[in-house]
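Novice: Following this message is one structure expressed as structure tokens.
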Ligand code: UN1
């Protein structure tokens, strides 16, 4: 397996990207094991507080220069980064698959998301539009402008170890910010690979040292970012527990945060659904990335009259799933990220049984020699009730809950009756049902789809969700505005000094 990529033999150090490395004084390491085969694939030094401070100081200095580079020129540099990711798509996609455990197809798909957001950001770099307004005063002009914020901190999760960084970083950069990235301590190597991939572009364009920074570590490093007033925006992806801690710390210093947290995504399948579309969408949504996307389909809510049919079809689709090494493209489902995640899966299975849930497709661990990492589990389906605590909770594993309904409004009510609000979908060919689902009385999620599943969102839309999902929006649409500060300008080009609201003030 080591022959796939030339993996580093010495522990790797974090720092800024273009040569000036900050050598960590700690001898501790973060060890990255592949869940595919259990092998140790890298040892990375965690950043010390001193490393962190030097990185942030370098980023601050870089910002004073970078904010003056014209936005389209910043876009041109991001365009070149996109070219690099095209060049290294297979290598990076393979490393994502090997370090994180998602299928090679999905690893490559993740790199494709980086390439796509680079393209999007290049166009955006010429469209950082402000509005102009008509002033109520004569010979006055009003407008708004968007300026860069400063340092954008990025905390990313193991499940999308590179794409989510790029949604934030590429947009942040064209907006004139500098970035400090703290990847998950479960997937440090893919992050270091991204830094390496863009280094040549940064060097060739004389980009100041510190525009792209990487720190490594666990929650302590995340806390440094959250409490640091030098971090103008902290964009964090991960669990609701982590997000709550980040939001509280950032709010206490009146900073800005952008949160993309847990989901508990449902698909409503009505009696008017085309099941030939619905079944593959549900299966991919539930077992893709071994159920470890925040957009993973966790619940399906099925109309009574087709419930037994859907149940049967899903059971037979699951029987065809092949589980195995994610680098082997003949398998549909790879491992969970680590054995702790396997414990989470087992605890959820126990909780389902205790609540009285019936398994339509049985859970289990795979223990043959090919699964020696101990991270492979069987995707399962349980008949459940929406209000059970385990159903209300996001378990990052391929467990699908089967729920039923009689009237559409009850299905929508069940879909919304969870603390999270990320993604949702309805399968129906009936216009009234589809439009009701998308209306103000329909789904309360940030993403609501018709006749496609809950995961696999394109980068062109704003990505994020409501309630405990955190409310942030990343990636496309006008998500760039979160990475800039808005400034309203009023200019008096006349020879008098009229006041607004008709106030007179004579001297
Ligand atoms: C995530 O799981 O954190 O919609 C992001 C999707 C991907 C992104 C998921 N484009 O499944």
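Just so it is clear, none of the values below were taken in a lab; they were calculated from the coordinates. Note that the coordinates shown come from a computational prediction; the quantities given were computed from them, not determined experimentally. Note that we place each Cβ from the backbone using ideal geometry, even for glycine, and neighbour counts take in every protein chain shown.
Novice: Only one of these is within 16 Å of the ligand (Cβ to nearest atom), surrounded by 21 or more Cβ atoms within 10 Å (Cβ to Cβ) and farther than 21 Å from residue 103 by Cβ: 266, 290. Name it.
Specialist: So the residue among 266, 290 that is within 16 Å of the ligand (Cβ to nearest atom), surrounded by 21 or more Cβ atoms within 10 Å (Cβ to Cβ) and farther than 21 Å from residue 103 by Cβ is 266.
Novice: Of everything in the stretch 207-223, what is buried (at least 20 other Cβ atoms within 10 Å of the Cβ) and within 22 Å of the chain's Cα centre (by Cα)? Give them in sequence order.
Specialist: Scanning the stretch 207-223 gives 211, 212, 213, 214, 215, 216, 217, 221, 222.
Novice: Residue 121 - would you say it is closer than 30 Å to residue 224 by Cβ, over 19 Å from the mean Cα position of the chain (by Cα) and surrounded by 19 or more Cβ atoms within 10 Å (Cβ to Cβ)? Write out each step before concluding.
Specialist: On the way: closer than 30 Å to residue 224 by Cβ: yes; over 19 Å from the mean Cα position of the chain (by Cα): no; surrounded by 19 or more Cβ atoms within 10 Å (Cβ to Cβ): yes.
Here the answer is no, as residue 121 does not meet what is asked.
Novice: Has the stretch 293-307 got any residue that is under 23 Å from residue 412 (Cα atoms), away from the ligand (no atom under 16 Å from the Cβ) and without any contact (Cβ under 8 Å) to a residue 40 or more places away in the chain?
Specialist: Yes, the conditions are met somewhere in the stretch 293-307.
Novice: Now for a different question. Give the residue, chosen from 113, 136, that is under 26 Å from residue 73 (Cα atoms), surrounded by fewer than 24 Cβ atoms within 10 Å (Cβ to Cβ) and touching a residue at least 60 places away in the same chain (Cβ under 8 Å). Outline the logic, then answer.
Specialist: Details: 136 fails: under 26 Å from residue 73 (Cα atoms).
Step by step, each of 113, 136 is checked, and only 113 is under 26 Å from residue 73 (Cα atoms), surrounded by fewer than 24 Cβ atoms within 10 Å (Cβ to Cβ) and touching a residue at least 60 places away in the same chain (Cβ under 8 Å).
Novice: Can I ask one more? For the subset of the stretch 435-472 comprising residues that are farther than 25 Å from residue 287 by Cα and more than 12 Å from the ligand (Cβ to nearest atom), which member is nearest to the chain's Cα centre (by Cα)?
Specialist: Across the stretch 435-472, the extreme among qualifying residues is 471.
Novice: Restricting to helices (runs of 4 or more DSSP H) lying wholly in the stretch 61-173: which have 2 or more residues that are touching a helix residue (DSSP H, G or I) at 6+ places or on another chain (Cβ under 9 Å) and within 16 Å of the ligand (Cβ to nearest atom)?
Specialist: Ranges flagged: 89-100, 104-124.
Let's see how each residue does on (1) under 25 Å from the mean Cα position of the chain (by Cα); (2) over 25 Å from residue 476 (Cα atoms):
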{"position": "137", "(1), (2)": "no, yes"}
{"position": "166", "(1), (2)": "yes, no"}
{"position": "170", "(1), (2)": "yes, no"}
{"position": "196", "(1), (2)": "yes, yes"}
{"position": "200", "(1), (2)": "no, yes"}
{"position": "205", "(1), (2)": "no, yes"}
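Novice: Hey, which of the helices (runs of 4 or more DSSP H) in the stretch 351-452, taking only ones fully inside, have at least 3 residues that are in contact with a strand residue (DSSP E or B) (Cβ under 7 Å, 6 or more places away or on another chain) and in contact (Cβ under 8 Å) with a residue 24 or more places away in the chain? Reasoning before the result, please.
Specialist: On the way: elements: 389-392, 408-416, 431-438.
Of the helices (runs of 4 or more DSSP H) lying wholly inside the stretch 351-452, those with at least 3 residues that are in contact with a strand residue (DSSP E or B) (Cβ under 7 Å, 6 or more places away or on another chain) and in contact (Cβ under 8 Å) with a residue 24 or more places away in the chain span 408-416.
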